[in-house]
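Some notes on the structure that comes next.
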Amino acid sequence: MGQISVKIPGQFSVTINRERFIPYEDRPEYVEEVKKHTCDFFAAGSGGPDNYRGRSMAEAHRGMNISAAEYEAASNDIMNTMTALKYDGTSRSMVHDVLRTLESVILHK
């Protein structure tokens, strides 16, 4: 999880995604909680030792009305980070498949 947690802040600095976190600038503990859940989710999904105990993806994103452009930007950032961290092709493919599966659960909800 160490490498994942180091790179998660990039996810929150992508311009199209960062705008969603502006209302929480005065609640850094909330942003840190979101980052931790994100790390735990990906660690659990990639065979890491962590166990994700957060809400379902549908529940966690309900009411956010995430656009296709926002989702694509987040997905691209995740995949680019994995490539930069030299994750093997199998791991990247698995995460890509998860991201495509989650798309219908998260978009415009």
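The values are calculated or read from the model by the stated rules, or taken from the named source; none is laboratory data. A quick note: this is a predicted structure, and the numbers were derived from the prediction, not measured. Positions of Cβ are backbone-derived with ideal geometry, glycine not excepted, and every protein chain shown enters the neighbour counts. Heavy atoms of the whole protein, side chains included, go into the accessibility calculation; ligands, DNA and RNA do not. Shrake-Rupley method; radii C 1.70, N 1.55, O 1.52, S 1.80 Å.
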Self-check item: Boolean, residue 44 is out of contact with any helix residue (DSSP H, G or I) (no Cβ under 8 Å at 6 or more places or on another chain), part of a helix (DSSP H, G or I) and open to solvent by less than 60 Å² (accessible area, probe 1.4 Å)
Solution: yes
In the range 64-78, anything more than 15 Å from residue 21 (Cβ to Cβ) and under 14 Å from the mean Cα position of the chain (by Cα) is listed as 71, 72, 75, 76, 78
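Only residues that are surrounded by 14 or more Cβ atoms within 10 Å (Cβ to Cβ) and either within 15 Å of residue 42 (Cβ to Cβ) or among the hydrophobic types (A, V, I, L, M, F, W, C) (or both): list them for the range 81-104, please. Spell out how you get there, then give the answer.
Of the range 81-104, the ones surrounded by 14 or more Cβ atoms within 10 Å (Cβ to Cβ) are 81-82, 87, 91-92, 94-96, 98-99, 102-103.
Selection gives 81, 82, 87, 91, 92, 94, 95, 96, 98, 99, 102.
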Scanning the range 65-99 for residues that are of a type in the set (D, E, K, R) and touching a residue at least 24 places away in the same chain (Cβ under 8 Å) gives 70, 77
Checked against (1) without any contact (Cβ under 8 Å) to a residue 40 or more places away in the chain; (2) open to solvent by 40 Å² or more (accessible area, probe 1.4 Å), residue 62 satisfies every condition except (1)
Within the range 32-52, of all residues that are modelled with pLDDT under 80 and over 12 Å from the mean Cα position of the chain (by Cα), the one farthest from residue 102 (Cα to Cα) is 49
